Amino acid sequence: LEWMSQKIINSFETEKENPFSFKHVKIYRSLEELDDLLERPMVVLTTNSSLEYGYGRNLFIRWCENENNLILFTNKSKFSSLNYRLLHSKLPCSMDLKWKKSVPLEGDELDEYLYEQEQKRLEEASLLEDQLKQQEEYESMSDDEDSNNDFLATETNSLFEFSNDVVISDIDPSILKKSNLMFPYYESSRRNWDDYGEVIDLDQFQSANDMEDDINDPQEIVEVEEAKEIPSKYIVEHLQLMVRCKVEYIDFEGRSNFKSIKNIIQNISPRKLLIIHGSDYIKS
């Protein structure tokens, strides 16, 4: 907000208006959402600017044969891209185009895919079961070590009730009356770890106020059904399109041409100049 006008800043601070909430700008995440709007004029900003993939390529296939449509490029793409071909072609013209689209799996392909997914699920379940068994064995070994440590601590305390020093069994207890700076330390039970580090109990970090709020304001848990992914594959179609739409280019790349660079250099008058990229004619 600090880069915006004072009017926008004041409206945000006083009226709590979102400056990025545009009245006439809508965000759509699929081409199907545009089908209901095709009967009226609109401006669509989409990717990719090269028109080699993405929503931009699909919209071009839909709209290129209508002479009322306009494709406006703000930058130039590499050679052999659809962007380059349109900017260097005399329109209207005919173009060959490859179109990759997703289609749902059917028949034997669908059965094979489902079989592979089932085998993958079984392998993951088997691997998880082995990991759980290893974890249980590790915890049981830890419990045994803890019980041995507790037994040793109890036996030591019974022999030396008034001593807090480390005790060695083959030494006469009478020489251990002098206090030592070291205190007895018993290793606690081993902690569990996962892929992200030590497993913690979140309830231990919950304050009394949070617990009271949870009791006073119980929230309903709403179960949301996950959208099932439809198995699909990509196929390539070769299309013959008649491009009748208009194509324009506006330079928004921020690059300077030869004349502009020459004027800038003359005004700066640098002692040394290093030129990179560009053609040999421009460099000379």
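The values are calculated or read from the model by the stated rules, or taken from the named source; none is laboratory data. Just so you know, these numbers come straight off a predicted model, no measurement behind them. All Cβ positions, even for glycine, are placed from backbone atoms using ideal geometry, and neighbour counts span all protein chains on display. When the accessible area is computed, the model is the full protein with side chains, heavy atoms only, and any ligands, DNA or RNA have been set aside. Shrake-Rupley method; radii C 1.70, N 1.55, O 1.52, S 1.80 Å.
Numbers below:
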quantity: Selected residue [modelled with pLDDT of 75 or more, in contact with a Phe, Trp or Tyr (Cβ under 7 Å, 6 or more places away or on another chain) and open to solvent by 60 Å² or more (accessible area, probe 1.4 Å)] from LYS90, LYS100, LYS133; calculated: LYS100
quantity: Residue match in region 26-35 (condition: open to solvent by 100 Å² or more (accessible area, probe 1.4 Å) and either among the hydrophobic types (A, V, I, L, M, F, W, C) or not in a loop (DSSP other than H, G, I, E, B) (or both)); calculated: yes
quantity: Condition check for ASN48: in a loop (DSSP other than H, G, I, E, B) and within 20 Å of LEU241 (Cα to Cα); calculated: yes
quantity: Residues that are within 29 Å of the chain's Cα centre (by Cα), in contact (Cβ under 8 Å) with a residue 24 or more places away in the chain and open to solvent by 90 Å² or more (accessible area, probe 1.4 Å), drawn from region 45-82; calculated: TYR53, TYR55, LYS76, LYS78
quantity: Of residues in region 69-110 being assigned to a loop (DSSP other than H, G, I, E, B) and charged (D, E, K, R), the one nearest to LYS246 (Cα to Cα); calculated: LYS90
quantity: Selected residue (criterion: nearest to PRO92 (Cα to Cα)) from residues of region 230-274 that are among the basic types (Lys, Arg) and surrounded by 11 or more Cβ atoms within 10 Å (Cβ to Cβ); calculated: ARG244
quantity: Subset of region 13-25 that is modelled with pLDDT under 85 and of a type in the set (A, V, I, L, M, F, W, C) - its residue that is most open to solvent (accessible area, probe 1.4 Å); calculated: PHE20
quantity: Criterion violated by TYR234 - all others in (1) part of a loop (DSSP other than H, G, I, E, B); (2) at pLDDT 80 or above satisfied; calculated: (1)
quantity: Some residue of region 249-263 being assigned to a helix (DSSP H, G or I) and touching a residue at least 24 places away in the same chain (Cβ under 8 Å); calculated: yes
quantity: Residue that is nearest to ILE61 (Cα to Cα) [pool: residues in region 247-271 that are under 37 Å from the mean Cα position of the chain (by Cα) and not small (Gly, Ala, Ser)]; calculated: VAL247
